[in-house]
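A.B. asks: Below are the structure tokens for one structure; questions will follow.
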Amino acid sequence: MITKVKHSKGQTTIRWRDVRMEEVVEHEMKSSEDPRPELLTAIAAFVPFVIEICEFPKAWDEAITVSGISLSEVEINDKQMIGIVITSMKRLEMTALPVIINTPFLVDEAWPKGLRKAVEKLEGEALRFRDGDRAQQVLPGTPTKSRKPDQAIIDGLNNLQKLADKDGTTLSLGVNGEEPQVIIRPRKGKSPEARA
């Protein structure tokens, strides 16, 4: 069971509990790696619930940011329930620091409509993050629709190709003691022998 999801100041924290050989084991993972946008969206989806539970004006939704959700199993009157506390921040006009807001502890029987579905979505995204599914990383020089290959790399390779064509030079590269592989050679019809 996921017991805490927090994203604040570029760090994501996931806490979970499982049972091993009839013993409850608590786990915590902190990471500064960027989460998938879906995890951030799942956290942000709790803003309307903060407003509803705390009876704040709906106009505050733009000023509130959810930073964490805590879940716990409780037994009330011999009945197992899940309780939730949502931590958020509200920007203030008079100071650069926000006010921290914790919703009251609320058991699942009293949850507002839609909160259970938001919790399930959050748990799914938290498990994906825990299991290594992060924001897609783009390697330097990798072309995408919005990013062209590093022009300096392209220019350097073009200059090496011109040199190979001009004087017949072949460029080989060997890594970690492996047999060198030819990476640039004169193109047909461009080498000095072909021009002679």
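Values quoted throughout were computed directly from the atomic coordinates according to the rules given, and no laboratory measurement underlies them. None of the values given here were measured: they were computed from a predicted structure. In this analysis, Cβ positions are derived from the backbone assuming ideal geometry, glycine residues included, and neighbour counts consider all displayed protein chains.
A.B. asks: Kindly identify the stretch 1-59 as rounded, prolate or oblate by the Cα gyration tensor criterion: order the square roots of the eigenvalues as a ≥ b ≥ c, call it rounded if a/c is under 1.5, otherwise compare a/b with b/c, prolate if a/b is larger, else oblate.
C.D. replies: oblate
A.B. asks: What is the order of Val182, Val99, fewest Cβ neighbours within 10 Å to most?
C.D. replies: Working: Val182 9, Val99 12.
In order of increasing Cβ crowding within 10 Å: Val182, Val99.
A.B. asks: For the pair Ile76/Leu127, report the inter-label distance in nm, with labels modelled 7 Å from Cα in the Cβ direction.
C.D. replies: 2.6 nm
A.B. asks: Taking a cut-off of 20 Å between Cα atoms, list the aspartates and glutamates near Lys90, but don't count ones fewer than 8 places away on the same chain.
C.D. replies: Within reach: Glu52, Glu55, Asp61, Glu62.
A.B. asks: Now for a different question. Can you tell me the Rg and the Dmax, both Å, for the Cα atoms in the stretch 2-130?
C.D. replies: 15.3, 54
A.B. asks: Where does each of Met89, Met29 land when they are ranked from fewest to most other beta-carbon atoms within 10 angstrom?
C.D. replies: Values: Met89 17, Met29 12.
Ranking Met89, Met29 by Cβ neighbours within 10 Å, fewest first, gives Met29, Met89.
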